Amino acid sequence: MLTITLLTRMKNSYKWGYKIFDHIDIHCEIQAVPFAQLSQMQPGEPSEKIRERVIAARKIQEERFKSFKGIHCNAMMTERMLHQFAEPDAQSLDMLRMAMERLKLSARAYSRILKVARTIADLAGSEKVESMHIAEAIGYRNLDRGDWAERRI
């Protein structure tokens, strides 16, 4: 597959791959769903419900950042804002530390995980970033795992 080939080359090239992957907030590998499973699937959450959650999360973010000039959403948070609005509790920090060490993630990836976790918490209507939000955000760093291109399932 061309995409896998190009991404693998990029990932294996320190000059390009690491820099590019490190700047992407969310990246995950999507597996094909076998037809037998597709034909038995139940309907998912309706798009209108998802849209309502996204609009509500954006309103939360606009309110959160209204006193910060030029900041409108979680992706734009500075390091100081991360400590103010997305500070993980002790359990979440432990989980994040383990993921950082196991996956050999950069400081940039750390910040991106916290920003995505804050967004996940906003979508869930949670004031605090909890361990489940951190876990989900870590899960969206699939391509940081060294073996992602070899796992062609």
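Numbers at a glance
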| item | result |
| --- | --- |
| Some residue of segment 82-89 being open to solvent by 60 Å² or more (accessible area, probe 1.4 Å) and either assigned to a loop (DSSP other than H, G, I, E, B) or of a type in the set (D, E, K, R) (or both) | yes |
| Segment 109-153, residues that are modelled with pLDDT of 85 or more, open to solvent by 10 Å² or more (accessible area, probe 1.4 Å) and among the charged types (D, E, K, R) | Arg112, Lys115, Glu127, Lys128, Glu130, Glu136 |
| Subset of segment 39-74 that is modelled with pLDDT of 95 or more and polar (S, T, N, Q) - its residue that is most open to solvent (accessible area, probe 1.4 Å) | Ser67 |
| Criterion (touching an Asp or Glu at 6+ places or on another chain (Cβ under 7 Å), without any contact (Cβ under 8 Å) to a residue 60 or more places away in the chain and assigned to a helix (DSSP H, G or I)) met by exactly one of Ala109, Ala99, Ala75 | Ala75 |
| Flag for Ile24 being at pLDDT 80 or above and either under 16 Å from Val116 (Cβ atoms) or open to solvent by 60 Å² or more (accessible area, probe 1.4 Å) (or both) | no |
| Scan of segment 112-137 for residues that are charged (D, E, K, R) and touching a residue at least 60 places away in the same chain (Cβ under 8 Å), ordered by number | Arg112, Lys115, Asp122 |
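The values are calculated or read from the model by the stated rules, or taken from the named source; none is laboratory data. Fair warning: this is a prediction, and the values are worked out from it, not measured in the lab. Virtual Cβ from ideal backbone geometry, glycine too; neighbours counted across all protein chains shown. Quick note on the areas: whole protein, heavy atoms, side chains included, nothing else; ligands and nucleic acids left out. Shrake-Rupley method; radii C 1.70, N 1.55, O 1.52, S 1.80 Å.
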